[in-house]
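Have a look at the structure below before the remarks.
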Amino acid sequence: MQSSPSLATKTLDAHEQLNQLYGIQEIKGYTDPMHELIGTILSHRTTHANEMTAYVTMRKRFPNWEQVRDAPLPDLIDAIQTANYPEIKAPYIQNLLTHLIRETGAANIDFLGDLSTEEAMNWLTALPGIGLKTATILLLFKFKKPVLPIDTHVHRVTQRLGLIGPKVSAEKAHSILLAYLPEDALQLFNFHKHFYWHGQRVCTWYYPKCNECVLQDMCDYFQTGRTMVLSSTPIRKKKSTNP
Ligand code: SF4
């Protein structure tokens, strides 16, 4: 079992290798913080194109946020139907807007930029329907705060490499990996983006392309013959061959 200092070194090594593979990216988010906030809800298990269609359709039908808040629920569900689970996301969005407008007097979260990272995180995660992943995406992409979004790809790849333990949740991974990485928004943005891309393109769910992977030599999952059981990757059920 590796100690934390060596895991920190391994994390920085993997980060550097993916920096070289994918290149350093500038931090990019939507111009409007409210778009980033609502977009992260719409984006859950949805392609970027479908998320955008849902957002644009919703804003065309309900041009201001009070109208989105007050829209009949079936109409809002219909407007965002290109996003998966619109019947779950629509009430989330309305609850969030109700809370936000009641607490601050407006559908505007620009003030988060003036708060400390901890204050902004606490404020956001107290909103209905906003979890750690949504809050970290918003704070890093839009406000350049030093936090690390852990989505399913980042979780899976960091678990397979052995940077976090096989049973560590995405929530716990956030604080563990942050302790290994520089407290720098650009570095954290690149770590997130690169591990996300690597999970999408190389270290895929059921058939990781280990023979094409630059991280093979340091990967616990590969080195143990892909036998590790990981909480981020459910074991695929084999199809029954019985008639
Ligand atoms: S060696 Fe395989 S399992 Fe390990 S990170 Fe690369 S693709 Fe994923």
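A few notes on this one:
- Of all residues in region 166-193, those satisfying the criterion of being among the small types (Gly, Ala, Ser) and either modelled with pLDDT under 95 or assigned to a helix (DSSP H, G or I) (or both) are Ala170, Ala173, Ser175, Ala179, Ala185.
- Scanning region 165-179 turns up one or more residues that are surrounded by 20 or more Cβ atoms within 10 Å (Cβ to Cβ) and closer than 19 Å to Gln17 by Cα.
- When region 187-229 is filtered for residues that are more than 16 Å from the chain's Cα centre (by Cα) and of a type in the set (A, V, I, L, M), the ones remaining, listed by number, are Val202, Val214, Leu215, Met218, Met228, Val229.
- Within region 65-84, the residues that satisfy the criterion of being acidic (Asp, Glu) and more than 13 Å from Thr53 (Cα to Cα) are Glu66, Asp70, Asp75.
- Listing of helices (runs of 4 or more DSSP H) fully contained in region 36-84 that carry 2 or more residues being under 28 Å from His153 (Cβ atoms) and hydroxyl-bearing (Ser, Thr, Tyr): 48-61
- Selection of region 181-231 for residues being within 9 Å of the ligand (Cβ to nearest atom) and of a type in the set (Lys, Arg) yields Lys209, Arg226.
- Taken over region 96-113, the criterion of being within 19 Å of Glu183 (Cβ to Cβ) and of a type outside the set (Gly, Ala, Ser) is satisfied by Leu112 alone.
- The single residue among Tyr196, Tyr207 that is assigned to a helix (DSSP H, G or I) and either in contact (Cβ under 8 Å) with a residue 40 or more places away in the chain or of a type outside the set (Lys, Arg) (or both) turns out to be Tyr196.
- Unmet requirement for Gln25, which otherwise passes all of (1) under 27 Å from Gly113 (Cβ atoms); (2) in a helix (DSSP H, G or I): (2)
- Within region 131-154, residues that are at negative phi have Cβ atoms under 8 Å from residues that are of a type in the set (Lys, Arg) in these pairs: Leu139/Lys145; Phe141/Lys28; Pro149/Lys133; Ile150/Lys133; Asp151/Lys133, counting only partners at least 6 apart in sequence or on another chain.
- Filter pass, Thr40 being exposed (fewer than 15 other Cβ atoms within 10 Å of the Cβ), closer than 24 Å to Lys142 by Cα, under 21 Å from the mean Cα position of the chain (by Cα) and of a type in the set (Ser, Thr, Tyr): no
- Any hit, region 97-110, residues being assigned by TED's automatic domain parsing to the domain that holds Leu21 and among the β-branched types (Val, Ile, Thr): no
- Residue check, Ile150 β-branched (Val, Ile, Thr), more than 12 Å from the ligand (Cβ to nearest atom) and assigned to a loop (DSSP other than H, G, I, E, B): yes
- When the criteria are applied in full, Leu7 meets the requirement of being assigned to a helix (DSSP H, G or I), at pLDDT 95 or above and among the hydrophobic types (A, V, I, L, M, F, W, C).
The values are calculated or read from the model by the stated rules, or taken from the named source; none is laboratory data. Bear in mind that the values here come from a model prediction, so they are computed numbers and not experimental data. Glycine gets a Cβ as well: all are built from the backbone with ideal geometry, and neighbour counts include every protein chain shown.
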